[in-house]
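The values are calculated or read from the model by the stated rules, or taken from the named source; none is laboratory data. Bear in mind that the values here come from a model prediction, so they are computed numbers and not experimental data. Backbone-built Cβ (ideal geometry, glycine too); neighbour counts: all protein chains shown. Just the protein is used for accessible areas: all its heavy atoms, side chains included, with ligands, DNA and RNA removed. Shrake-Rupley method; radii C 1.70, N 1.55, O 1.52, S 1.80 Å.
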Amino acid sequence: MFICSITGKEATEPVVSTKSGHIYEKRIILKTLAENGGECPFTKVAMDPSTDLVTIKTPLTNNQDSSNNQMTDEDDDTTNFGNINARNLATTSIPGMLQQFQNEWDTLMVEQFTLKQHLDQVRSELAHALYQHDAACRVIARLLKEKEQLQANAVSHPDQMKDDVMGMTKSIIQNMSQAAAKLYESRKKRRISSEIKSAAQVKELKHTSNHLLHGSAFPTSIAIRESDAAPLSLTGGSDGRLSLFNLKQQVVTATLTGHRKSINAVGFHPDMDILLSASNDNSARIWTSNENGEYASYYTLKHQAPVTGLTVQVTGDYFVTSSSDNSWSFFDMGTGAKIISTSSNESLDSVQFHPDGLILGTGTGAGNLLLWDVKSQSQVASLEAHKGSCHGLSFSENGYLVATCGADQTVRVYDLRALKKRDGSESVVSMTKNDVVNDVSFDNSGMYLAMSAGNVVDIYQTKQWNQLTSLTAQEGSVTALGWGKNAHAIAVASEDRGLHLYHN
């Protein structure tokens with residue numbers, strides 16, 4: 001006995017598919033193939049009834065074949081008309097009606113099989129939809145519960161929700177003090193590297209390339225990380241985007257988005273693949289990359305006004321942001337936690353750590369240079385540096401000098417060793433330019449000082465304070481600049497939308 005795979009009934013004329021191995025009633029499978037365009041109802045593979053269906057021989061069919069052969073031998077010379085059916089209308093003869101009933105039964109079985117398939121598919125889709133609905137309900141319930149908890153915490157601890165401040169701990173002070181002591185000892189033994197470019201070589205700095213990294217916007221800030229494998233520049237733009245640029249291959253390796261307004265400052269972690277940015281959208285961000293080299297912001301730190309600057313502490317464990325809300329804040333690099341927040345009487349436009357990491361310099365909107373003891377958060381000196389905003393400041397590598405620039409078109413350099421003797425009232429040198437000075441920077445050796453004035457970058461040799469060269473390839477005002485290692489190159493960001501590179 002053979003069971004039809006479609007009807008589930010015993011097949012009177014069984015055939016088997018050579019492709020799938022299923023057994024069918026012959027008339028049923030032929031009708032199914034005619035309706036399905038020749039596709040197998042189970043595997044959906046094209047089937048040819050003449051080649052892919054093989055009749056299964058049964059004892060009944062064998063006896064019928066033998067009987068037919070015997071009749072043919074006996075009636076070799078006669079014609080047998082006994083097997084010829086009368087041509088009656090299907091609805092007027094019992095055999096015709098039986099045939100019609102059989103056809104309707106076959107059609108019903110095929111339709112029932114199709115409905116079973118559709119039912120199984122709908123059941124599967126319904127189960128999937130119910131699972132998704134249940135998961136969504138669970139997520140919504142969890143979020144509502146968390147929202148209620150946060151609202152309850154906000155009512156009971158309103159200050160904690162606004163601004164958590166850890167406070168300066170003994171372990172943090174010890175960490176910074178030990179790093180400063182090591183740097184002080186190493187600095188006394190330091191010898192000037194033979195790889196640092198000479199004054200004659202710095203004079204030969206030439207414009208080598210210009211790169212449009214921010215589309216129709218222009219770069220507003222820059223930071224340089226030197227390494228033999230992949231020297232990088234990080235620029236922040238007026239469009240709120242950051243662009244990470246490989247200076248050796250001269251290709252953009254990453255574009256970071258998240259800030260809603262112009263970027264005021266950017267920075268690198270000294271050892272790890274961590275980036276920092278400060279913006280006019282009242283926030284600073286810490287960015288890190290995944291195993292695929294894709295960067296994402298994992299901490300967003302808020303001020304009450306635009307964040308004007310940032311600087312990384314020498315240990316790499318902490319960094320400071322300045323803001324026009326008259327405060328600077330000290331953060332933990334790993335957790336993004338605010339350790340301290342110190343208020344000033346003036347808005348702060350720029351900030352930088354002293355190389356030892358224990359003194360912090362801030363430039364104010366009123367043009368003053370304020371020096372802070374980070375451990376005690378006390379102001380140790382206030383210098384009237386400029387008559388307008390103090391746009392930038394830079395400490396020399398040995399920590400003896402600090403240079404400031406301002407809206408009054410001047411650059412001033414102070415000797416920190418003379419502050420105790422002269423009370424900070426006299427600067428080492430003062431240089432007047434023909435335009436607003438937006439940025440000033442010592443190279444990593446402290447031998448050269450670069451400053452921007454309009455679309456020109458002037459480079460001076462320290463100690464002698466003689467001007468070595470002027471870089472004039474950019475057509476727009478210079479917004480920021482950064483030195484390459486050992487004064488072999490300098491990168492200049494300009495309002496002409498370009499990042500200009502100079503090499504010697």
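Some observations on this one:
- Residue ID - most open to solvent (accessible area, probe 1.4 Å), chosen from residues in the stretch 419-434 that are at pLDDT below 80 and either in a helix (DSSP H, G or I) or among the charged types (D, E, K, R) (or both): Lys420
- Qualifying residue in the stretch 134-149 (condition: assigned to a helix (DSSP H, G or I), closer than 30 Å to Ala337 by Cβ and modelled with pLDDT of 90 or more): yes
- Subset of the stretch 332-355 (residues that are open to solvent by 30 Å² or more (accessible area, probe 1.4 Å) and not in a strand (DSSP E or B)): Gly334, Thr335, Asn345, Glu346, Ser347, Pro355
- Residues that are in contact (Cβ under 8 Å) with a residue 40 or more places away in the chain, open to solvent by 20 Å² or more (accessible area, probe 1.4 Å) and closer than 22 Å to Asn280 by Cα within the stretch 356-386 comprise just one, Gly365.
- Boolean, Val437 is among the hydrophobic types (A, V, I, L, M, F, W, C), open to solvent by less than 10 Å² (accessible area, probe 1.4 Å) and in a loop (DSSP other than H, G, I, E, B): yes
- Any hit, the stretch 445-455, residues being at pLDDT below 95, over 26 Å from Arg190 (Cβ atoms), assigned to a strand (DSSP E or B) and open to solvent by 60 Å² or more (accessible area, probe 1.4 Å): no
- Considering only residues in the stretch 483-504 that are in contact with an Asp or Glu (Cβ under 6 Å, 6 or more places away or on another chain) and among the charged types (D, E, K, R), the one that is modelled with the highest pLDDT turns out to be Asp496.
- Flag for Val413 being in contact with a strand residue (DSSP E or B) (Cβ under 8 Å, 6 or more places away or on another chain), β-branched (Val, Ile, Thr) and without any contact (Cβ under 8 Å) to a residue 24 or more places away in the chain: no
- Verdict on Gly399 being within 20 Å of Gly267 (Cα to Cα), open to solvent by less than 10 Å² (accessible area, probe 1.4 Å) and touching a helix residue (DSSP H, G or I) at 6+ places or on another chain (Cβ under 8 Å): yes
- Restricting attention to the stretch 459-475, the residues that are more than 19 Å from Phe395 (Cβ to Cβ) and open to solvent by 10 Å² or more (accessible area, probe 1.4 Å) add up to 9.
- Subset of the stretch 476-504 [open to solvent by 10 Å² or more (accessible area, probe 1.4 Å), within 20 Å of Ser396 (Cα to Cα) and in a loop (DSSP other than H, G, I, E, B)]: His488
- The single condition from (1) modelled with pLDDT of 85 or more; (2) closer than 22 Å to Ser341 by Cα; (3) in a helix (DSSP H, G or I) that Asp159 fails is (1).
- Condition met for Leu416 (closer than 30 Å to Thr169 by Cβ, open to solvent by less than 40 Å² (accessible area, probe 1.4 Å) and of a type in the set (A, V, I, L, M)): yes
- Inspection of the stretch 219-236 identifies no residue that is open to solvent by 10 Å² or more (accessible area, probe 1.4 Å) and farther than 26 Å from Phe442 by Cα.
- Subset of the stretch 5-22 that is β-branched (Val, Ile, Thr) and open to solvent by less than 90 Å² (accessible area, probe 1.4 Å) - its residue that is farthest from Asp106 (Cα to Cα): Thr18
- Of all residues in the stretch 245-287, those satisfying the criterion of being open to solvent by less than 50 Å² (accessible area, probe 1.4 Å), part of a strand (DSSP E or B) and either at positive phi or among the β-branched types (Val, Ile, Thr) (or both) are Ile263, Val266, Ile274, Ile286.
- Taken together, the residues in the stretch 164-192 that are in contact with a strand residue (DSSP E or B) (Cβ under 6 Å, 6 or more places away or on another chain) and open to solvent by less than 80 Å² (accessible area, probe 1.4 Å) amount to 2.
- Filter result for His207 (under 30 Å from the mean Cα position of the chain (by Cα) and touching a residue at least 40 places away in the same chain (Cβ under 8 Å)): no
- Of the numbered criteria (1) more than 38 Å from the chain's Cα centre (by Cα); (2) free of Cβ contacts under 8 Å to residues at least 24 places away in the same chain, the one Val456 fails is (1).
- Every listed requirement among (1) in contact (Cβ under 8 Å) with a residue 24 or more places away in the chain; (2) over 14 Å from Thr114 (Cβ atoms); (3) not hydroxyl-bearing (Ser, Thr, Tyr) is met by Lys31 save one, (2).
- Val351 falls short on exactly one of the conditions (1) under 26 Å from the mean Cα position of the chain (by Cα); (2) modelled with pLDDT of 95 or more, and that condition is (1).
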